[in-house]
Amino acid sequence: MRTKRGLFAVPYVIWLALFVVIPIVIMLVYSLTVEVETATGTELAGSVENFTGMSLYMGVFGRSFWLALVATLICLLIGYPVAYLMSREGPGFQRVAMALIMLPMWMNFLLRTYSWMAILENNGLLNQLFQKIGVIALYNRLTGSDVEYFQMIRTPGAVVLGMVYNYLPFMILPIYTVLTKLDHRLIEAAQDLGANSSTVFRRVILPLSVSGIVSGVTMVFVPSVSTFAISRLLGGGTQMMLGDLIENQFLGGAYNPHLGAAIAMVMMVIVVICMLVMNHFGDGEGEAVML
Amino acid sequence: MSKELIRLKDVTQVFDGETVLKNVNIYFNDKEFLTLLGPSGCGKTTMLRIIGGFQTPTSGDVYFNGERINDLPPYKRQVNTVFQKYALFPHLNVYDNVAFGLRIPKDAGDGSKEKIKLSKEEIDQRVREMLEVVSLKGFEHRSIASLSGGQQQRVAIARALVNRPKVLLLDEPLGALDMRLRKDMQQELKRIQQQMGITFINVTHDQEEALAMSDTVVVMNEGVIQQIGTPEDLYNEPKNAFVADFIGESNIVDGIMREDKVVEIFNRRFACLDSGFEKDEPVDVVIRPEDVDIVSEAEGQLRGVVTSVTFKGVHYDTIVDFYGFKWLIQTTDYCPVDSHIGIKIDPDGFHVMKKSKYSGMFGDYSSYSEEYDEINDPTIIDEEEAEGAEDED
Ligand SMILES: Nc1ncnc2c1ncn2[C@@H]1O[C@H](COP(=O)(O)OP(=O)(O)O)[C@@H](O)[C@H]1O
Ligand SMILES: [Mg+2]
């Protein structure tokens with residue numbers, strides 16, 4: 001009986017092995033080797049210098065985690081209230097709101113990001129608008145400066161904006177799901193015991209939506225920390241992040257897959273540690289998202 | 001003698017064009033155990049929610065201690081609720097569930113802005129005290145999910161009572177428990193109510209439970225209060241066919257009040273104790289199954305044929321066909337199926353009621369025998385026999 005039921009897990013195990021375990025093993029092998037020049041050509045040799053030499057990139061690590069953290073916090077601050085207000089509306093409103101939130105996700109990711117470039121550029125839509133309605137003139141008058149546009153693109157803010165825009169739905173959805181499943185009688189029970197709306201929120205709604213927050217934070221933080229297109233397009237090369245660094249090692253000019261693999265390994269370990277800490281606060285439901 | 005605490009005045013509740021409570025007028029006394037009894041969907045929960053403040057009535061007023069509280073939010077009312085299915089907080093353990101209300105600073109109640117905050121020690125003492133009252137000592141750190149239904153229910157009671165409310169509302173508190181536990185908890189609830197000395201407003205659709213626990217029972221149907229009274233009143237003096245049928249078992253037949261203390265059924269006159277009806281007023285007559293004595297056919301005031309017998313332990317449920325109308329008789333004498341019997345009813349065995357919209361809807365046991373796969377044969381009694389009965393009078 002047991003072995004029979006175990007058979008159903010076989011496809012999953014094969015899948016995991018093929019697409020998770022084997023790639024990680026390959027990465028590990030890559031990261032622990034370097035190419036050595038010999039008389040006959042290049043050879044692979046075991047080495048930890050990929051890791052020891054990584055201190056060069058501390059700045060990129062720092063920026064990646066910092067920008068991802070900021071983007072995640074902003075997503076949480078926007079996403080929670082949106083999810084909360086949505087969950088309290090009627091089913092009709094909920095359906096429309098959900099469609100509006102999902103709508104941008106039907107467009108290609110790169111297309112969306114290019115659009116933001118067009119909006120944020122120095123002579124982009126936003127700056128043109130500011131010029132037209134006199135915001136820039138006003139700014140110049142107030143500060144005594146003389147700018148023709150606001151520098152928005154190629155700033156950390158633009159990268160964070162791009163990440164928030166792209167990943168916000170991943171914050172809203174899990175929180176919204178948890179909130180709609182929340183038993184309304186628990187709220188009434190809290191009111192019955194003397195809790196006003198703010199106490200109900202603090203003592204009942206918030207603690208019971210922690211699992212949604214953990215999922216949302218995970219689903220925003222992980223892609224944010226490893227993003228490369230957003231930082232390249234909106235950061236314009238000034239905001240290099242880990243994703244760009246790794247990409248550069250595999251496909252770019254700095255071609256060195258061994259170093260790329262090592263950076264990816266370190267990033268993965270840090271992310272996993274972050275998630276384990278997060279899950280400690282949730283009640284374990286977030287773990288499913290992590291895998 | 002006892003003080004009025006809550007009053008609903010002309011309360012009507014409409015949901016989506018459907019009237020769920022119709023013009024309800026009722027008051028609740030201090031220290032009373034009162035039960036709202038009625039079939040599912042009759043508006044019991046709605047009434048409780050109006051008292052708790054979770055529902056604002058479409059029209060009408062709610063008074064607490066003589067003060068109109070229609071617009072007072074639930075968290076400001078001196079009322080606590082044991083919710084249907086308990087609604088315990090799953091993220092808190094037993095102790096924290098019970099302490100929930102105590103940890104919230106409360107208005108001093110004297111109109112000042114000041115809030116009363118209990119000290120940690122006082123909270124601890126009250127929580128432990130209350131856990132003892134509901135026999136859950138030692139369960140402080142258990143998670144809610146690890147408790148049985150009966151234990152969860154005790155936590156819900158403790159969580160509500162620890163706030164020392166003036167009134168405890170209980171919405172079908174025993175509904176989710178199995179039979180045995182339910183019987184125990186009936187006693188337990190009654191004990192807790194007496195120990196705390198506060199008003200309990202209980203909701204149930206189980207008439208046995210209502211009769212066993214309550215000082216006062218309110219029978220409801222279709223959003224209308226049918227009758228309010230002590231369990232004895234309701235059983236002995238039901239106001240209409242609905243109440244008579246809902247409370248206990250009843251045979252209900254059409255009758256005519258010929259004069260004070262004389263009622264006619266099946267064209268025969270019987271002595272009874274009821275008076276105050278018009279002469280020749282059509283009435284509903286209730287005869288409880290245990291008030292009928294089975295005698296020999298010759299001695300009987302009415303004669304009939306036994307169509308089914310079911311052994312019930314203390315007595316037999318005997319279905320007897322009288323002139324095409326089936327009665328339930330509870331008797332310790334065994335009468336085999338198809339035997340011809342006579343019955344006698346003492347004057348205090350009749351209870352006469354005014355005709356109501358429920359007349360003719362209840363109190364016939366024709367379908368009863370079908371439950372026992374008995375063949376229902378209406379042709380046994382012929383015209384002659386019915387006329388003969390009339391002549392005898
Ligand atoms: N919030 C509501 N909205 C619409 N209909 C409701 C609502 N609450 C209760 N009802 C309806 O009111 C009727 C009475 O419900 P309820 O008071 O829960 O009955 P009971 O508790 O006696 O079973 C039911 O028909 C129910 O569907
Ligand atoms: Mg109900």
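The values are calculated or read from the model by the stated rules, or taken from the named source; none is laboratory data. The structure displayed is predicted, hence computed values, not measured ones. Backbone-built Cβ (ideal geometry, glycine too); neighbour counts: all protein chains shown. In case anyone asks, the SASA skips ligands and DNA or RNA and just uses the protein heavy atoms, side chains included. Shrake-Rupley method; radii C 1.70, N 1.55, O 1.52, S 1.80 Å.
In the protein assembly as shown, the DSSP-assigned H stretches of four residues or longer account for a calculated mean residue ellipticity at 222 nm of -13000 deg cm²/dmol, using -39500 (n - 2.57) per stretch and the full residue count as denominator. Shape call for segment B:4-236 from the C-alpha gyration tensor, a ≥ b ≥ c root eigenvalues: rounded (a/c under 1.5), prolate (a/b greater than b/c) or oblate? Note, shape of segment B:4-236 comes out oblate.
The alpha carbon gyration tensor of segment B:188-286 gives principal lengths a ≥ b ≥ c with a/c of 1.5 or higher and a/b greater than b/c, which makes the shape prolate. Other protein chain C-beta atoms within 10 Å of residue C-beta, averaged over B:286-292: 0. Along chain A, counting only GluC sites (Glu not before Pro) with a DSSP assignment other than H, G, I, E or B and at most 12 other Cβ atoms inside a 10 Å radius, the longest segment between sites is A:149-291. Rolling a 1.4 Å probe over the protein heavy atoms leaves A:Tyr114 with an accessible area of roughly 120 Å².
For segment B:251-361, the number of Lys pairs with C-alpha atoms closer than 17 Å, counting only pairs eight or more positions apart or on separate chains, is 6. A crude spin-label estimate for the pair B:Lys183 and A:Trp66, with each label 7 Å from Cα along the Cβ direction, gives 7.4 nm. In chain B, the DSSP beta bridges split such that about 80 percent are antiparallel, to the nearest 5. Extension gain, A:Val20 to A:Arg141, is 37.8 nm, computed as 0.36 nm per intervening residue step minus the present C-alpha separation. Cα-based radius of gyration for the protein assembly as shown, normalised by 2.2 N^0.38 Å, reads 1.46. Taking A:Trp15, A:Trp116, B:Trp327 and ordering them by how much accessible surface each has at a 1.4 Å probe, largest first, produces A:Trp15, A:Trp116, B:Trp327. Ordered from highest to lowest accessible area with the whole protein assembly present and a 1.4 Å probe, A:Trp106, A:Trp66 read as A:Trp106, A:Trp66.
Helix B:179-196 versus the longest principal axis of chain B: what is the Cα-based angle in degrees, 0 to 90, to the nearest 10? Roughly 60 degrees, rounded to the nearest 10.
Taken over the alpha carbons of segment B:255-371 as equal point scatterers, the Debye sum produces base-10 log I(q)/I(0) values at 0.16 Å⁻¹ of -0.76.
Here is the tail figure for chain A: Cα pairs spaced more than 35 Å apart come to 37 percent of all pairs.
Whenever you get a sec, compute what percent of the accessible area on chain B sits on carbon and sulfur atoms (1.4 Å probe). Roughly 46 percent, rounded to a whole number. Total buried accessible area between B and A, probe 1.4 Å, nearest 100: 1700 Å². What are the chymotrypsin sites (Phe, Trp or Tyr not before Pro) within segment B:286-326 that DSSP puts in a loop, where the Cβ has at most 14 other Cβ atoms within 10 Å? Qualifying residues, ordered by number: none. Toward the positive end of the charge dipole of chain B, with +1 on the Cβ of Lys and Arg and -1 on the Cβ of Asp and Glu, the farthest Cα among B:Ile247, B:Val62, B:Ile123 is that of B:Ile123. Label positions at B:Arg142 and B:Ser40, each projected 7 Å from the Cα along the C-beta direction, are separated by 2.8 nm. The chymotrypsin sites (Phe, Trp or Tyr not before Pro) found in segment A:195-263 that occupy coil by DSSP, while having at most 11 further C-beta atoms within 10 Å, are A:Tyr255.
Once a ≥ b ≥ c are taken as the square roots of the eigenvalues of the Cα gyration tensor of segment B:49-145, is the result rounded (a/c under 1.5), prolate (a/b larger than b/c) or oblate (a/b not larger than b/c)? Oblate. In the context of the full set of protein chains, residues of the protein assembly as shown present 51 Å² of accessible surface per residue (probe radius 1.4 Å, heavy atoms only). Only protein heavy atoms count here; on that basis, with a 1.4 Å probe, B:Asp346 has an accessible area of about 80 Å².
Shape analysis of chain B based on the Cα gyration tensor places the equivalent ellipsoid semi-axes at 49, 24, 16 Å, largest first.
Could you tell me how far the Cα centroid of segment B:72-101 sits from the Cα centroid of segment A:1-77, in Å? Cα centroid to Cα centroid, the span is 49 Å.
A cut-off under 9 angstrom between Cβ atoms defines the neighbours of B:Glu249, and their net charge, with Lys, Arg +1 and Asp, Glu -1, is -2. For B:Lys3, the lysines whose Cα comes closer than 25 Å to its Cα, not counting residues fewer than 8 places off in the same chain, are B:Lys31, B:Lys44, B:Lys76, B:Lys166, B:Lys190.
Ordering of B:263-269, B:197-203 by packing is B:197-203, B:263-269, highest average first (other Cβ atoms within 10 Å, averaged per residue). Taking B:Ser135, A:Ser215 and ordering them by how much accessible surface each has at a 1.4 Å probe, largest first, produces B:Ser135, A:Ser215. Across q = 0.14, 0.20, 0.23, 0.28 Å⁻¹, segment A:99-168 modelled as identical point scatterers on its alpha-carbon atoms has Debye log10 I(q)/I(0) values of -0.53, -0.86, -0.99, -1.19, in the order of the q list. Take each residue in B:96-102, count the other chain C-beta atoms within 10 Å of its C-beta, and the mean is 3. Taken residue by residue and averaged, Cβ atoms of other chains lying within 10 Å of the Cβ of B:85-95 number 4. Once C-alpha pairs closer than 8 Å and six or more residues apart are averaged by separation and normalised to the residue number of chain A, the relative contact order reads 25 percent.
With contacts taken as Cα pairs under 8 Å and at least 6 residues apart, segment B:4-236 reaches a relative contact order of 29 percent. Spin-label model, B:Glu237 to B:Lys113: label points 7 Å out along the Cα-to-beta-carbon direction sit 5.6 nm apart.
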